[in-house]
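The values are calculated or read from the model by the stated rules, or taken from the named source; none is laboratory data. Quick caveat: nothing in here was measured; it's all calculated off a predicted structure. All Cβ positions, glycine included, derive from the backbone under ideal geometry; neighbour counts span all protein chains shown. Please note that ligands, DNA and RNA were not included when accessible areas were found on the heavy atoms of the full protein model with its side chains. Shrake-Rupley method; radii C 1.70, N 1.55, O 1.52, S 1.80 Å.
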Amino acid sequence: MTSDERIDKYEGPAGGWGSVKSLASIMVRTQALPRAAATLAQQNKTGGVACVSCAWAKPAHSHIAEFCENGAKATAWELTPKRVDADFFAQHTLTQLRTWSDHDLEFRGRLTEPLRFDAAQDRYVPVTWADAFADIGKQLAALEPASTVFYASGRASLETSYMYQLLARMYGNNNLPDSSNMCHETTSVALPESIGVPVGTVHLSDFDATDCVFFFGQNVGSNSPRMLHDLQAISKRGAPIISFNPLRERGLEAFKNPQSPLEMLHPGSTRISSQYHQVKIGGDIAAITGICKAVLALDEAAQAAGGKRVIDVDFIGTHTHGFEDFVAFLRESDWDALCHHAGLSREAMEAAAVVYAQARAVIGVYGMGLTQHRGGVQSVQMLVNLLLMRGNIGRSGAGVCPVRGHSNVQGQRTVGITEKPELAPLDRLAELYGFEPPRDKGLNTVAACQGVIKGEVRAFVGLGGNFLRAAPDTNALEAAWPSLDVTVHIATKLNRSHLLPGKTGYVLPCLGRMEIDRQASGEQAVSVEDSTTFIHGSRARAEPVAPTLLSEPAIVAGIAMAIPSVAEKGVPWRDWVGNYAKVRDAIERTWPDVFPNFNARLWQSGGFPRPNPARERKWNTKTERANFHVPRDLSATLVVNRDAADVLQLTTIRSNDQFNTTIYGDDDRFRGIHGTRKVVLMNLADIARFGLRDGQHVSLHTAVDDGVARSVADMRVTAYDIPAGCCAAYYPECNPLVPLWHHAIGSDVPAAKSIPVRISAIGA
Ligand SMILES: Nc1nc2c(c(=O)[nH]1)N[C@H]1C(S)=C(S)[C@@H](COP(=O)(O)OP(=O)(O)OC[C@H]3O[C@@H](n4cnc5c(=O)[nH]c(N)nc54)[C@H](O)[C@@H]3O)O[C@H]1N2
Ligand SMILES: Nc1nc2c(c(=O)[nH]1)N[C@H]1C(S)=C(S)[C@@H](COP(=O)(O)OP(=O)(O)OC[C@H]3O[C@@H](n4cnc5c(=O)[nH]c(N)nc54)[C@H](O)[C@@H]3O)O[C@H]1N2
Ligand SMILES: [Mo]
């Protein structure tokens, strides 16, 4: 343990003075003030800039400061004046840079010049934009279109994303995986089967009207802190919040609003959760089954007593399908098995059921704790089952609320970034642009990784992101990556993915969303979609960090115009780049029902929602009803060795000091972890059982029998309040442990929340 490593228990609330201190520290380290000041004042407000951190809703009536600690950190990180320029790359070979940490690579500052990999020197060297585009165009044109992948990490705007999908389809494939494939793709598969829409049904106004929130596997205090304002208001009105999480996350326990002077001067904080259930990893299906079983029992008791029914019989009769099978499943489920898989007592599940049964309108919120399991699709559908029992979808104050990740990840799907041809408006694109779009299924993230490993994928283009760090089976992927023919990364900051170029490798530096984007028709605005399906305009306030940067639309257009087969199709790429309103017109022409009067509504206060039939109780499912789904298994882990005595289920988590693979620092204030990320959080009984001691360094090994050895070394055992049989450690450091085939059934989202592991003492 180095001298500044420290593990203690954090007793404060989420927000509060700790938040102010943490923010001040990053502002100083990145030197982002004063450049960031004007941006922060306008962040998430109508007419201002949409935050680049999370996708939580942006209210119509904003607070004076409508940003949170982590949103401000993301702003500071992007608006730092620090840069990595030609000199930096002249001084460092890629071999050297590969020894740097994720934090150190990004912390050095913004990329400013287009770079080409020079294999002889083992360096990136500066190149002109014109030469970069010409070479990339030539190289991609020489490849079989099916062997190129166009990845998108959910930050790029609707305008850029639309252009990007068109580029891929005109080039000749649907190989458009995005970060959603590692994230909420489970939602996009589960919800259409259950309720006929791929997105949540809750608007911000429902949070004002709700009686109760059920909260599963989402770390609100770190990952969507602005939502704490909504939860605080709910809690203050006395409405219950029932949380399910293996870890006692601070943001779900207590909050002090750092933007309220009155609250900051007062001792105390708002309690958030009224019940906190430390479910076992992957135990949500069993926990919700138990709650549903108890709701059914309450309903039977009410009927016997001649009282009002607890289940919504009218709704179930008129609007749902499959209820009888579901009831049969609940009756057959055995309490002992439910308690075993959930890691909760029958009383705990019954207590949650009583609150659920008493609430008039309930919202079900969830995050990666449900989606990133082999049984993730079933977990999400189980939550919907619970909501359907009392008609909690399609009315005020009720609904299902997946909390999305990247700030425009949901929007990218809305404008055609998808590998599934049936989800893209291919006929409409054919009609509008006069070409025959490819109809074959494209590669998602897992399939793209398999393609790289097998040598079938020859080129990778990344619109943002850090694919090699974010994806599973890091070692296998890194070994295969350099044999790619072409890698092109459009990026703001240097990361590990850039350090393993293909034979031809480019890094193309772009403007961030917070930087003024001047084109032929003047300063441009862009748009994004939030977690609650509202679309917002975003206008930047900060001067670009360097005059050499191009905007993302300009880079996508530059590549498109350099590939002869794309260029000849006559899309007015240059006009679009000159005026993004023309791209919005094209989006409106492609989806007239979703984006009517797009440009006119861009600055509508609070954004404008896209149509959501499930909110109106119109069910676009095969049965034309909302469907109850009987789960196939009571545990979402669905892993081999799950009950072996020497195996723990590992969940990979984010700290309060990171945004995905972007690591702001080594502290995780809310969990009391300081100065290190190489920890494995374990139950005291497991530490004793394995003959380990708190503070000891160990290795983790994936406990599957597929003939591949996967380990992560030098992890510090840290006693923590987590259920026995479970452990937790940080992402991305643990991605070498996730087998590529270990993913959610149906959605292929890597099962990063239940990895079976064995632990060995170092040197043992
Ligand atoms: N500051 C910041 N904001 C972010 C991000 C970030 O990294 N930093 N990332 C963005 C992105 S892309 C995304 S997808 C979201 C991610 O936001 P979250 O959905 O919150 O994802 P995680 O941080 O991975 O943590 C999920 C939570 O699930 C819990 N959990 C783990 N396993 C289980 C389980 O089996 N059952 C239950 N019930 N809970 C479980 C963990 O303890 C943790 O509290 O946040 C977005 N916002
Ligand atoms: N084990 C494990 N693995 C996981 C997860 C987990 O919980 N556990 N979570 C998964 C999830 S939910 C997600 S979403 C993925 C995240 O996967 P990605 O989205 O691929 O990764 P990020 O870390 O968000 O990408 C960071 C990089 O994006 C670039 N960037 C930042 N801003 C911009 C911009 O405005 N434009 C452009 N062009 N580039 C920009 C910078 O170069 C930065 O280094 O990881 C997944 N992997
Ligand atoms: Mo995500």
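Descriptive notes on the structure:
- Semi-axes of the equivalent ellipsoid for region 1-139, Cα gyration tensor, largest first, Å: 35, 23, 12
- Counting only heavy atoms of the protein chains and using a 1.4 Å probe, residue 727 has close to 0 Å² of accessible surface.
- Over region 648-761 - Rg/Rh using Cα atoms and the Kirkwood inverse-distance radius: 0.96
- For the chain, the longest principal axis of the Cα atoms and the long axis of helix 580-590 meet at an angle of about 60 degrees.
- Beta bridges per DSSP with both ends in region 185-405, % antiparallel, nearest 5: 10 percent
- Calculated FRET efficiency for the pair residue 430/residue 616, C-beta based, R₀ 35 Å, to 0.05: 0.70
- Counting Lys and Arg as +1 and Asp and Glu as -1 over every other residue whose Cβ lies under 14 Å from the Cβ of residue 96, the net charge comes to +2.
- DSSP beta bridges fully contained in region 144-282 are about 20 percent antiparallel.
- Taking the C-alpha atoms only, the angle from helix 185-195 to the longest principal axis of the chain is near 50 degrees.
- Accessible area per residue for the chain, computed on protein heavy atoms with a 1.4 Å probe, is 34 Å².
- Solvent-accessible ranking of 515, 422, 350, largest area first, probe 1.4 Å: 422, 350, 515
- Full-extension gain in nm, residue 706 to residue 643, via 0.36 nm per residue minus C-alpha separation: 20.9 nm
- Region 185-405, relative contact order [Cα under 8 Å, separation at least 6], %: 32 percent
- Taking each DSSP H run with n ≥ 4 as -39500 (n - 2.57) and averaging over every residue of the chain yields -9500 deg cm²/dmol at 222 nm.
- Solvent exposure ordering (accessible area, 1.4 Å, most first) of 10, 664: 10, 664
- In this rough spin-label picture, where each label sits 7 Å from Cα along the Cβ direction, the residue 340-residue 741 distance is 2.7 nm.
- Restricting attention to the chain, close to 45% of DSSP beta bridges with both partner residues there are antiparallel.
- Region 91-155 shape via C-alpha gyration tensor axes, a/c threshold 1.5: prolate
- For residue 66, the solvent-accessible surface computed with a 1.4 Å probe is close to 10 Å², ligands and nucleic acids excluded.
- Surface accessible to a 1.4 Å probe, residue 436 within the full protein complex, Å²: 130 Å²
- Cα shape, region 203-258, gyration tensor, a/c 1.5 rule: prolate
- Across the protein chains, with a 1.4 Å probe defining accessible surface, the residues 129, 17 rank 17, 129 from largest area downward.
- Quarter of Cα convex hull surface for the chain, i.e. mean projection, nm²: 30.8 nm²
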